[in-house]
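Encoded as structure tokens, the structure appears first; notes follow it.
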């Protein structure tokens with residue numbers, strides 16, 4: 001028997017997605033007797049003149065049955081003699097595109113239905129693009145309702161031509177096209193006598209035999225940490241699912257982003273001690289020493305994963321409200337949830353033609369390439385290299401609704417564009433970026449124009465809408481291990497933090513918050529505490545030593561767009 005196949009059905013409204021899968025279940029004798037009896041009874045009061053309405057097997061919500069459309073994602077599990085399946089039957093209506101995207105996120109194969117009478121539609125193109133965006137490599141285009149076009153080979157060939165053009169534009173890898181009739185059963189589970197010109201496999205035969213194993217596996221071992229387990233003071237284990245590779249007791253691994261090394265002391269699979277664990281297993285890893293690791297960190301045996309805070313991502317916008325540049329969202333990436341904001345929209349994508357269109361906002365169901373910046377550096381990577389570390393969602397911080405889903409296209413591996421640089425010394429932050437409070441959305445957002453990197457001798461903006469710094473002050477970045485000396489509104493020097501000498505001038509951090517030091521002794525005490533701080537205690541130390549309101553304020557605006 002072949003392995004489990006997870007697939008999705010999608011397409012435009014009334015293309016017959018639910019009917020098709022219902023027919024597979026019915027013809028394959030995969031229904032219990034009471035299910036079959038209920039189906040026959042329900043069909044008698046339906047719209048098909050008493051004929052069996054196979055869609056009723058999947059459209060379970062009352063609203064779906066009343067309207068004759070699929071609204072929610074319906075998951076069904078079934079098994080034939082050759083394979084086990086999980087199918088997600090998804091909505092075709094544009095209003096429920098986000099529901100369809102959720103179904104696509106789990107699938108290995110997509111069945112995209114095309115109405116033989118209408119051909120390839122905009123929604124067909126949108127769903128195909130979303131499936132490709134979600135990393136699906138195997139596609140079946142089921143040209144449905146062939147009975148309504150007289151089982152015409154000529155009509156089928158016209159649609160095949162359009163599908164081939166679409167596949168080429170999207171770079172789809174494995175594409176099969178099958179003419180079917182979901183209501184009559186042609187080429188669904190048995191070969192159709194009405195289409196002798198089609199010599200390929202039936203839909204079910206293809207599903208039972210298609211090989212969806214990926215030929216290129218992700219390199220090396222890595223596991224995003226889901227939870228730190230401390231049942232007692234003697235045990236500290238890191239729990240998560242192995243996304244790639246294998247790990248064994250005695251193996252040396254690296255922790256990211258802290259970049260520490262340690263040896264695996266013990267492995268638990270559930271409550272059972274094991275010597276080795278592999279991809280897909282959920283494990284608890286105990287190391288031989290204390291390391292700086294919390295939820296969202298990654299354990300790996302290779303250092304080729306990216307640690308960064310800026311990246312570009314292709315997003316499917318799912319929120320009823322349009323995207324607002326500069327508005328802060330929660331970014332869920334791997335096991336990490338972190339504040340971030342969309343810095344710019346590079347372009348949105350025409351779902352029909354694939355054309356890149358200049359845009360200053362995105363509306364529901366639109367797809368766009370955006371630049372995103374996080375509050376701090378985390379472990380992430382391009383979707384094509386490491387799937388789990390390259391797929392993300394944006395969550396609205398007020399409503400907690402999912403605003404967008406997407407995949408990482410490029411990562412700035414050297415981190416964000418530095419604000420200050422001298423030779424190999426780089427300082428990040430957002431000391432000259434503005435803070436606005438959007439009264440319409442009750443959200444505070446960080447915004448600014450394209451970042452500029454300042455070098456020794458450059459003038460800096462001392463005054464903005466939400467900040468006002470003195471002409472003489474110092475910027476101290478413990479994270480980057482550097483200090484920037486601002487004298488008479490210019491960068492006088494950028495130096496390593498160990499070479500910095502406090503001379504009594506105001507000091508701010510890389511975010512523009514005032515450091516509460518009045519003497520060299522105060523500074524030494526702060527640096528000592530900052531050096532020893534853990535991830536859990538970072539906020540506590542920051543609240544003790546820094547004040548936002550000394551040089552910064554939040555400007556209220558009715559509504560704003562970032563320029």
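The condition of being under 27 Å from residue 169 (Cα atoms), in contact (Cβ under 8 Å) with a residue 40 or more places away in the chain and not in a loop (DSSP other than H, G, I, E, B) holds for residue 369.
Could you run through the stretch 131-156 and say how many residues are in a helix (DSSP H, G or I), surrounded by fewer than 24 Cβ atoms within 10 Å (Cβ to Cβ) and either touching a residue at least 60 places away in the same chain (Cβ under 8 Å) or on the phi > 0 side of the Ramachandran plot (or both)?
1
Of the strands (runs of 3 or more DSSP E) entirely within the stretch 372-468, those holding at least 1 residues that are at pLDDT 85 or above, touching a helix residue (DSSP H, G or I) at 6+ places or on another chain (Cβ under 8 Å) and more than 30 Å from residue 507 (Cβ to Cβ) occupy 402-411.
Only residues that are closer than 20 Å to residue 363 by Cα and at pLDDT below 80 were counted across the stretch 99-122, and they come to 4. Here residue 540 passes the criteria (1) in contact with a strand residue (DSSP E or B) (Cβ under 8 Å, 6 or more places away or on another chain); (2) at pLDDT below 90; (3) in a helix (DSSP H, G or I) except the one numbered (1). Could you check, for the stretch 346-360, whether at least one of its residues is under 22 Å from residue 122 (Cα atoms), in contact with a helix residue (DSSP H, G or I) (Cβ under 9 Å, 6 or more places away or on another chain) and crowded, with 18+ Cβ neighbours inside 10 Å? Scanning the stretch 346-360, I find at least one residue that is under 22 Å from residue 122 (Cα atoms), in contact with a helix residue (DSSP H, G or I) (Cβ under 9 Å, 6 or more places away or on another chain) and crowded, with 18+ Cβ neighbours inside 10 Å, so the answer is yes. Filter the stretch 167-184 down to the residues that are at pLDDT below 90 and buried (at least 20 other Cβ atoms within 10 Å of the Cβ), then identify the one that is farthest from residue 129 (Cα to Cα). Taking the candidates together, the pick is 183. What are the residues in the stretch 77-98 that are modelled with pLDDT of 75 or more and in contact with a strand residue (DSSP E or B) (Cβ under 8 Å, 6 or more places away or on another chain), if any? Matches in the stretch 77-98: 77, 78, 79, 83, 84, 85, 86, 87, 88.
For the stretch 473-509, a tally of residues being over 37 Å from the mean Cα position of the chain (by Cα), free of Cβ contacts under 8 Å to residues at least 60 places away in the same chain and not in a loop (DSSP other than H, G, I, E, B) returns 10.
The values are calculated or read from the model by the stated rules, or taken from the named source; none is laboratory data. A quick note: this is a predicted structure, and the numbers were derived from the prediction, not measured. Every residue, glycine as well, gets a Cβ built from its backbone with ideal geometry; the counts of neighbours run over all protein chains shown.
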